[in-house]
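Novice: One structure, as structure tokens, below. Some questions next.
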């Protein structure tokens, strides 16, 4: 605060450095971060090295600790340690895009564009000045998928197949990123715009919350089939109402500040006010919440895997491992306990990290 | 209770030092504080924010939190040492003998409990008293604080009574245990001036009746002058001067006290005739205090000795005044000249146009009220409105300042929100240059938006915490394209310089700025689009007096340089008088009186203006002020009183025949006085002119 210290404008790096400093001041957050980092390192390691091939039955089935199999083998003789290590990949490290036709890609791109365009147009539509532009945007968003469908069917695009490949960052993180985008936009509109927009948006989202979550997941997966992308979609949609509620409450509080009045008296667009004036000040709690949500998503993937509706084989996922090892728990408890331990430590780590960070942030706010 | 005579102090603090444990050490928030309060005496503690006033009070009741403790010194309460008492003993003593009243009554009262339960609890927890007796005593006490309909108030929730009544309940609750010591921490700061005046009267009366010792914490010198017998001035955690109110206001010894008094506009002072002198610099943070005299870095008289040697509190002269200053004997306050680092607005260049830049004609703003009945939900209910602004008619000449005063709920904020377009007018006409300004912002031309900008009240929320100073000042320039993109930085630097902020502020974040600095940035941002009109919504009311003076000077400089027209809202009548060329007095959405500022503060007065002026706390204990108190609360704006809206509370209504029947039935006429002075009242202006001035101060010779 002294006048002689010349301060610098905040950069991405200085922000990260600030957050790391905050984390280091909280023991809980530090422990949480260590637990999460542990699994990230394990996941990265598993790409280049695992003790055994995770998908090959190399040992005697259902045996405990033995030479070469530090944590035992599962019911068809695969190495528990290797499988648990590799299980990190689908959750945190990579998302597998299956074999699809170009037509399907076209539809997918149209779908994502429709959602993004809709999210951009929705604030405009709720603003008096840009209403027309917003409604045009919404209409375009609504017809994108049918048009893509017609194009795909009328040309030969459906017959050209692109082989499967993987993109970086796992299912849990993409899913949460999706719910963050969807939820925070809807929440910001509801909170800042208020009135009818608030009621309509929040009522739709509340209806979504009213469904039991696991049923919602099962409905989506049953309708669209098993797959990494479907899982991301399911996590994004079911998470969005919660994020939206948080974003809305933040927007409601922040919109009463004078700097929002100042922006309004400058005639700023609603889009600018929501994303440039409100969002940067609401992002802290939203990110902490997102951290928790990654934990929930890991849990969800585990649960669905346990129900046999999780991520498709062959790559191992922790929930599925537990499910498959369940009948032989008495003979080979490690096959259940090791992936269970993995889920627990990752989820608890994320929770501790988020809680600790949240505590530190709020401590300095007042 | 112990047998106190008048000479033993009820509360005595000796060399009190209070420290807070923080990460990486300890902060001594308060040090070297000594004072005593006797029975039936009101002891004022004044100083700017961050000087440790409240901390000292919390130490007495041991509310320092888990990391605060009394490091040195003693607190004697009725002869018992409070510092070394353990929890339970202290709790008993406190519960039976010490009571505290806080600033915000809504936070002191539990919103989910009826008032009766909260009050009775005070009696039943610490004493063996039956419910019936407790209720009776509560009613008696509420009647003593002039609460109308006391028995029924007990059955209500806090939100069902007004702010002034809430504070009465808090005071009554505090007095229930008949405390030997009553600590009041800014008890009237959140209240309107008329309500404040009534509460101050009450405090004075109760002290006489109950013989309580009162420790009164405030930043307002006017309040001190009105209610306190003795005063202690605190600066940077230390008591720098103490003595009787009369002595200190007549002849302040410490340079800080002198500076404080110079920074406050006197009621009746105007910008042409007098100058406000801010104290340069700011209160040092507790961990960055100088080793010598705390005030040395800001003092005009500083010598080498002040920087190295810490002064002790000592008795000077024949007055009963103790001062912590090495140089008291050498300082002559009358011979003071402002230092070079104070910039004083130059108003000589100002020549006012008479051509109006903004004209309002019967501007009206109603808000729809949603009923809760089924008919309302279906849209068949009777339409009701909050009549926030009604018939606002005035014109503002270019380059002048129109001050708008009134209590909260008078519609002054709604009026300027309507002008700037945050609200849409529901009737009447308003033009600015040739633009229609009755529409809301979404329908306005960018050229118009650029010309009307606003300065906000709360320094903590006026800046977006996520952006640097430079970004925020530069944004309007980019948005309106007033400055080419590559010159924005240079232009922002120019503005920063004009705001007396260095270039190194460009990259700072709001959290690195003090309240006054944030307000400067807010002003710079409002000026960045080069507007013709700046609307100021209480721009200085959240600031300390010395900072307030600096900001007012800054605004005056800006106005002189750019010929900016200003609309200035403030609840502090001295500030409005000082700052404005013309003043409009508003009550319940209507303008009651409007005219050149000197004519507002002298007879003929509108009866409401007269009441407002007589309520203002004047920082001069020898001033004689007329005693007019308004009865009751501001009526609801949904069904405002018929005829003259002020008739339900008007103290002069009886002057008219039939006890002012005409006021209830007919809307009053606009009566014109000299220089465009207009009064909205049935009482003939000749009669209003015969009233005595509200305040006469024998010392300064100022008559208002």
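Novice: Across peptide A:253-260, how many C-beta atoms of other chains are within 10 Å of each residue C-beta, on average?
Specialist: 5
Novice: When the Debye formula is applied to the Cα atoms of region A:164-278, each taken as the same point scatterer, what base-10 log of I(q)/I(0) results at q = 0.20 Å⁻¹?
Specialist: With one equal scatterer per Cα and no solvent, log10 I(q)/I(0) is -1.01.
Novice: While we're on this one: Given the Cα-Cα distance of residue B:689 and residue B:672 and 0.36 nm per residue of separation, how much length would full extension add, in nm?
Specialist: Between residue B:689 and residue B:672, full extension yields 4.9 nm more.
Novice: According to the Cα gyration tensor, what semi-axes, each the square root of 5 times an eigenvalue, does the equivalent ellipsoid of region A:87-182 have, listed from largest to smallest in whole Å?
Specialist: Ellipsoid half-lengths, sorted descending, are 29, 22, 6 Å.
Novice: So how long is each side of region B:270-343 along the principal axes, counting just the alpha-carbon atoms, biggest first, in Å?
Specialist: Between the extreme Cα coordinates on each principal axis of region B:270-343 lie 40, 36, 20 Å.
Novice: Next question. Determine, for B:537, B:117, the number of other Cβ atoms within 10 Å of each Cβ, and report the residues in order from fewest to most.
Specialist: By the 10 Å Cβ count, ascending: B:117, B:537.
Novice: Just need the relative contact order of chain B here, percent rounded to a whole number, with Cα pairs under 8 Å and 6+ apart.
Specialist: 12 percent
Novice: Ratio of region A:211-342's C-alpha Rg to 2.2 N^0.38 Å, to two decimals?
Specialist: 1.47
Novice: By DSSP, what percent of the beta bridges with both residues in chain B are antiparallel, rounded to the nearest 5?
Specialist: Roughly 65 percent of the beta bridges in chain B run antiparallel, per DSSP.
Novice: I'd like to know how region B:550-704 sits against the 2.2 N^0.38 Å rule of thumb: what's its Cα Rg over that expected value?
Specialist: Ratio of Rg to 2.2 N^0.38 Å for region B:550-704: 1.11.
Novice: Sticking with this one: Which of B:647, B:571 comes first, and how do the rest follow, when ranked by fewest Cβ neighbours within 10 Å?
Specialist: Fewest to most other Cβ atoms nearby, the residues stand as B:571, B:647.
Novice: Evaluate E = 1/(1 + (r/R0)^6) for residue B:382 and residue B:497, where r is the Cβ-Cβ distance and R0 equals 45 Å; express this FRET efficiency to the nearest 0.05.
Specialist: Step by step, r from the Cβ atoms, then E = 0.20.
Novice: What order, most packed first, do the peptides B:249-261, B:101-113 have when packing is the mean number of other Cβ atoms within 10 Å of each residue?
Specialist: Ranked by mean Cβ neighbours within 10 Å, highest first: B:249-261, B:101-113.
Novice: Another question, then. Residue B:160 to residue B:373: FRET efficiency via 1/(1 + (r/R0)^6), r the Cβ-Cβ distance, R0 25 Å, to the nearest 0.05?
Specialist: Step by step, r from the Cβ atoms, then E = 0.75.
Novice: Within 10 Å of each residue's Cβ, count the other Cβ atoms and sort B:692, A:67 from fewest upward.
Specialist: Ascending number of Cβ neighbours within 10 Å: A:67, B:692.
Novice: While we're looking at this one, here's another question. For region B:239-388, state the average projected area of the convex hull of the C-alpha atoms over all orientations, rounded to one decimal in nm².
Specialist: 18.4 nm²
Novice: Still on this structure: What percent antiparallel are the DSSP beta bridges of the protein assembly as shown, to the nearest 5?
Specialist: 65 percent
Novice: Now, a different point. With the alpha-carbon atoms as the only input, what is the per residue convex hull volume for region B:589-675 in Å³?
Specialist: Spread over its residues, the Cα hull of region B:589-675 gives 125 Å³ apiece.
Novice: Would you give the gap between the C-alpha center of region B:61-138 and the C-alpha center of region A:274-303, rounded to a whole Å?
Specialist: Spelled out, the Cα-based centre of one part sits 43 Å from the other.
Novice: At 0.692 mPa s and 37 °C, plugging the Kirkwood radius over alpha-carbon pairs of chain A into Stokes-Einstein gives what diffusion coefficient in µm²/s?
Specialist: Using the Kirkwood radius from Cα pairs, D works out to 144 µm²/s.
Novice: Compute the acute angle (0 to 90°) between the alpha-carbon long axis of helix A:228-254 and the principal axis of greatest extent of the alpha-carbon atoms of chain A; round to the nearest 10°.
Specialist: The helix A:228-254 is inclined about 40 degrees to chain A.
Novice: If you don't mind, another one. For region B:439-594, what value does the Rg/Rh ratio take when both radii are computed over Cα atoms and Rh is the Kirkwood radius, given to two decimals?
Specialist: Taking Rh as the inverse mean 1/r over Cα pairs, Rg/Rh reads 0.97.
Novice: What are the extents of the Cα atoms of region B:319-468 along their three principal axes, in Å, largest first?
Specialist: 78, 41, 37
Novice: A further question on this structure: Return the average number of partner chain Cβ atoms within 10 angstrom of each residue Cβ along peptide A:265-278.
Specialist: 4
Novice: On to the next question. If I stretch the segment between residue B:561 and residue B:287 completely, what's the gain in nm (0.36 nm per residue apart, minus their alpha carbon distance), one decimal?
Specialist: Taking 0.36 nm per residue and subtracting the Cα distance, the gain is 94.7 nm.
Novice: Report the extension gain between residue A:38 and residue A:159 in nm, rounded to one decimal, defined as 0.36 nm multiplied by the number of residues separating them, less their alpha carbon distance.
Specialist: Going from the current span to full extension adds 39.2 nm.
Novice: What ranking, highest mean first, results for peptides B:328-336, B:71-79 when packing means the other Cβ atoms within 10 Å averaged over each residue?
Specialist: B:71-79, B:328-336
Novice: Can I ask one more? Along the Cα-to-C-beta direction of residue B:270, a point sits 7 Å from the Cα; which residues of region B:572-596 have their amide N less than 14 Å from that point?
Specialist: Backbone N within reach: B:576-584, B:595-596.
Novice: Here is a further query. Taking the square root of 5 times each eigenvalue of the Cα gyration tensor, what semi-axes in Å does the equivalent ellipsoid of chain B have, largest first?
Specialist: 41, 35, 25
Novice: Taking just the alpha-carbon atoms of region A:1-113, what radius of gyration and Dmax come out, in angstrom?
Specialist: Looking at region A:1-113, its Cα Rg and Dmax stand at 22.5, 72 Å.
Novice: Of all the Cα-Cα pairs you can form in region B:513-598, what percent are over 15 Å apart?
Specialist: Beyond 15 Å sits 60 percent of the P(r) for region B:513-598.
Novice: Next question, about the same structure. Would you work out the Kirkwood radius for region B:1-146? I mean one over the mean of 1/r across all pairs of different Cα atoms, in Å.
Specialist: Radius from the Kirkwood sum: 17.5 Å.
Novice: Could you tell me the extents of the protein assembly as shown's C-alpha atoms along the three principal axes, largest first, rounded to whole Å?
Specialist: Between the extreme Cα coordinates on each principal axis of the protein assembly as shown lie 106, 71, 67 Å.
Novice: Cα-based Rg (one decimal) and Dmax (whole number) for region B:361-422, in Å?
Specialist: 15.7, 52
Novice: Okay, next question. Could you compute how fast region A:142-192 diffuses translationally, taking Rh as the Kirkwood radius over C-alpha pairs and applying Stokes-Einstein at 10 °C with viscosity 1.306 mPa s? Give it in µm² per second.
Specialist: The estimated diffusion coefficient comes to 109 µm²/s.
Novice: What is the diffusion coefficient of region A:306-366 in µm²/s, taking the Kirkwood radius over Cα pairs and the Stokes-Einstein relation at 37 °C with a viscosity of 0.692 mPa s?
Specialist: The Stokes-Einstein estimate is 240 µm²/s.
Novice: Let me ask something else. Would you work out the relative contact order for region A:167-233, in percent, from Cα pairs under 8 angstrom that are 6 or more residues apart?
Specialist: Value for region A:167-233: 47 percent.
Novice: If you count, for each residue, the other Cβ atoms within 10 Å and average over each peptide, how do B:136-144, B:654-662 line up from highest to lowest?
Specialist: Packing order, densest peptide first, comes out as B:136-144, B:654-662.
Novice: Also, I was wondering about something else. Calculate for the protein assembly as shown the 222 nm mean residue ellipticity that helices alone would give, adding -39,500 (n - 2.57) per DSSP H run of length 4 or more and normalising by residue count, nearest 500 deg cm²/dmol.
Specialist: -14000 deg cm²/dmol
Novice: May I ask for the distance between the Cα centers of region A:165-204 and region B:166-242, given as a whole number of Å?
Specialist: A separation of 51 Å, based on Cα centres.
Novice: Tell me, how many Å apart are the Cα centres for region A:228-257 and for region B:436-504?
Specialist: 32 Å
Each reported figure results from applying straightforward, stated rules to the coordinates on display, with no laboratory input. Being a predicted model, the structure only gives us computed values, none of them experimental. Neighbour counts are summed over all protein chains in view; Cβ atoms, including those assigned to glycine, are modelled from backbone coordinates with ideal geometry.
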